[in-house]
Amino acid sequence: MTTRNIIAAGFGGQGIMAMGQLISYAGMLEGKHVSWLPSYGPEMRGGSANCSVVVSSEPVGSPVISQATDVVVMNGPSLEKFEKNVEPGGNLFINSSLCKVEPTRDDINIFTIPVSDLANHVGNPKVANMIMLGAFLAVTDLVKLESVVKAFTKVYGDSKKKLLPINEKALDTGIDAVKSAGCVGGVCHIEFDKTNTEVKSEYSRQRSANIELSTSDIEDIDYLKSISKYTEEDDEKIFDNDLSIVEEALRLENESIKYYDKAAEMLEGDIAAETFKSLSHQSDEHVSYLEGLKTQIKDEEEVSFGEKVKEALTKKKEYDWGKVDVEKVRLALNVFAIGIDIKNQSIKFYKKAAEKSSLEEAKKLYDELAYWEDFQLGQLRGQYEVYRDEWWADQMFSRS
C-alpha cells in the first residue's frame, strides 16, 4: 500500500487550505483514496492555519496525522510547530522567504524554497502557495500536474477560472526551481537572486534519511558527516599567522583523505572506489607539500618549492568513475554530495589562505591547491549528476 500523510501550515490567507484541497481533488481524479482535514486558529486571516491530507492507494482509516511523510510550512511559527511531525526520512518543505529559523532535524530531507520571492517575480504574491505546490509535486510525484490544473476550478470555483494561467505559471515555477537545482533529497537550498532573477541551488550534504541502506552503511554515512569543516567563526584564529594557516590546511587535507578512504570502502567493487583511492593518494601528496611548507615556516627558511609544486599539481586528469551498481546509486548520491560539500569548503579556505598569507611562495601553493580542489569539484559534480539522473529515471521522474 502506498500512502502519503501530508501536513501544510502557515498564516491564514496564504492559501494553505487550497493547497491541501488541490492535492486531495487531484488524487480523487486519479482514482486514489483521499482525506482532507482543516484546522484554523482564532483568526481566519493572519492567524494560524493548517490542514492534514492523506492520499492512499487504499481506503483512508483516519484523517488525523501525527507523523507525516511530508510537511509544508509557509512561515516561521509553522516550522517551529510542525518540524517534529516529519517522520524520519520524510520531507520538509520550507518557504525560506518568511522562515528565518533554521530547521534542527538531521534525519529528514529538507527543501528550502523562497516561494514568496518567486511569487513576486511571477507577478502575483498570492500564488506563493502554488509555487510551493509545484515544488512539492516535483519532489514527490504524488499526483500529476494536469490533475492539479483540472482540480483548480473545483477548489476556487468557476469565477476564478481567469486566474488559471498565472497559477499554472506558478506551478511550473515551483517545479522548475526544484528540478533545475537537481534536488533529490538530503538538504537542498534554492536561492532567489534578485539581481538577475535566477533560481540557484546550493547543495549541502545528503542525509542518510529516506535511503535504503544497511545499518553499517548508515554508520559510514554518519562517519562521513562528522568530518569537521572550516567555519567563519574560525577566521581570527586560523588566519592569524602563516603557521596556523598551514596547520589548518593540513587538517583539511587529512580530513579529505579520511573521506576518500571511507568512500572507496563503501563503493568497493565499483570503478568509483578505485578513483577515490587515487584521490586519496593525491591528497597524500598535497600533505607532503604542506608539511614541507610548515617545516620551512617553523625554521624560518626561505620557501622555494612553489613552482615545482605548481608543475605537479596542474597536470589535469579526467577521472573514469564507471557505473555504480544499481543498488548503490542512492548510496553514491550521499557519498558524492558529501564530497561536493567538502570540496566547496576546501576551495573557500585555500582562496582565503592565499589572500591572508604573507609568503609569496605559500600564496602560490594555496592558489594551486584551490585550483586543484576546484577541478576535482567539477569532476565530483559531473558524476553526481550522472548518478542523480539515474536515480530520477529509476523513480520514473522526468527532468525534461
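Residue by residue, here is whether (1) farther than 13 Å from Ile342 by Cβ; (2) assigned to a helix (DSSP H, G or I); (3) modelled with pLDDT of 90 or more; (4) β-branched (Val, Ile, Thr) holds:
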site	(1), (2), (3), (4)
Asp240	yes, no, no, no
Ser244	yes, yes, yes, no
Glu247	yes, yes, yes, no
Glu253	no, yes, yes, no
Ala264	yes, yes, yes, no
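Applying the criterion of being over 29 Å from the mean Cα position of the chain (by Cα) and open to solvent by less than 10 Å² (accessible area, probe 1.4 Å) to the residues of segment 355-366, the residue that is nearest to Ser244 (Cα to Cα) is Ser357.
Only one entry in Val139, Val122, Val148 is closer than 18 Å to Ile16 by Cα and either of a type in the set (Ser, Thr, Tyr) or open to solvent by less than 40 Å² (accessible area, probe 1.4 Å) (or both), namely Val148.
Comparison of Arg4, Arg105 shows that the only residue that is within 23 Å of Ala177 (Cβ to Cβ), of a type in the set (D, E, K, R) and in a loop (DSSP other than H, G, I, E, B) is Arg105.
So that you can scan it fast, the table gives a plain yes or no per residue for (1) modelled with pLDDT under 85; (2) closer than 22 Å to Val149 by Cα:
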{"residue": "Tyr25", "(1), (2)": "no, yes"}
{"residue": "Lys32", "(1), (2)": "no, yes"}
{"residue": "Leu37", "(1), (2)": "no, yes"}
{"residue": "Pro42", "(1), (2)": "yes, no"}
{"residue": "Gly47", "(1), (2)": "yes, no"}
{"residue": "Val53", "(1), (2)": "no, yes"}
{"residue": "Gly61", "(1), (2)": "yes, no"}
{"residue": "Val64", "(1), (2)": "no, no"}
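For segment 1-36, residues that are open to solvent by less than 10 Å² (accessible area, probe 1.4 Å) and of a type in the set (A, V, I, L, M, F, W, C) total 9.
Within segment 81-91, can one find any residue that is surrounded by 14 or more Cβ atoms within 10 Å (Cβ to Cβ), part of a loop (DSSP other than H, G, I, E, B) and of a type outside the set (Phe, Trp, Tyr)? No, segment 81-91 contains no residue that is surrounded by 14 or more Cβ atoms within 10 Å (Cβ to Cβ), part of a loop (DSSP other than H, G, I, E, B) and of a type outside the set (Phe, Trp, Tyr).
Residue by residue, here is whether (1) surrounded by 19 or more Cβ atoms within 10 Å (Cβ to Cβ); (2) of a type in the set (Gly, Ala, Ser); (3) at pLDDT below 75; (4) in contact with a Ser or Thr (Cβ under 7 Å, 6 or more places away or on another chain) holds:
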residue: Lys277; (1), (2), (3), (4): no, no, no, no
residue: Ser288; (1), (2), (3), (4): no, yes, no, no
residue: Ile297; (1), (2), (3), (4): yes, no, no, no
residue: Glu307; (1), (2), (3), (4): no, no, yes, no
residue: Glu318; (1), (2), (3), (4): no, no, yes, no
residue: Trp321; (1), (2), (3), (4): yes, no, no, yes
residue: Glu327; (1), (2), (3), (4): no, no, yes, no
residue: Asn334; (1), (2), (3), (4): yes, no, no, yes
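Residue pairs whose Cβ atoms lie under 7 Å apart, separated by 6 or more positions or on different chains, with the first residue in segment 258-272 and in contact (Cβ under 8 Å) with a residue 40 or more places away in the chain and among the β-branched types (Val, Ile, Thr) and the second in a loop (DSSP other than H, G, I, E, B) and surrounded by 18 or more Cβ atoms within 10 Å (Cβ to Cβ), are Ile271/Trp321.
The values are calculated or read from the model by the stated rules, or taken from the named source; none is laboratory data. Only a predicted model underlies this, so the values are computations on that prediction, with no experimental measurement involved. Because the Cβ atoms are built from the backbone with ideal geometry, glycine has one as well, and the counts that use them run over all protein chains shown. Please note that ligands, DNA and RNA were not included when accessible areas were found on the heavy atoms of the full protein model with its side chains. Shrake-Rupley method; radii C 1.70, N 1.55, O 1.52, S 1.80 Å.
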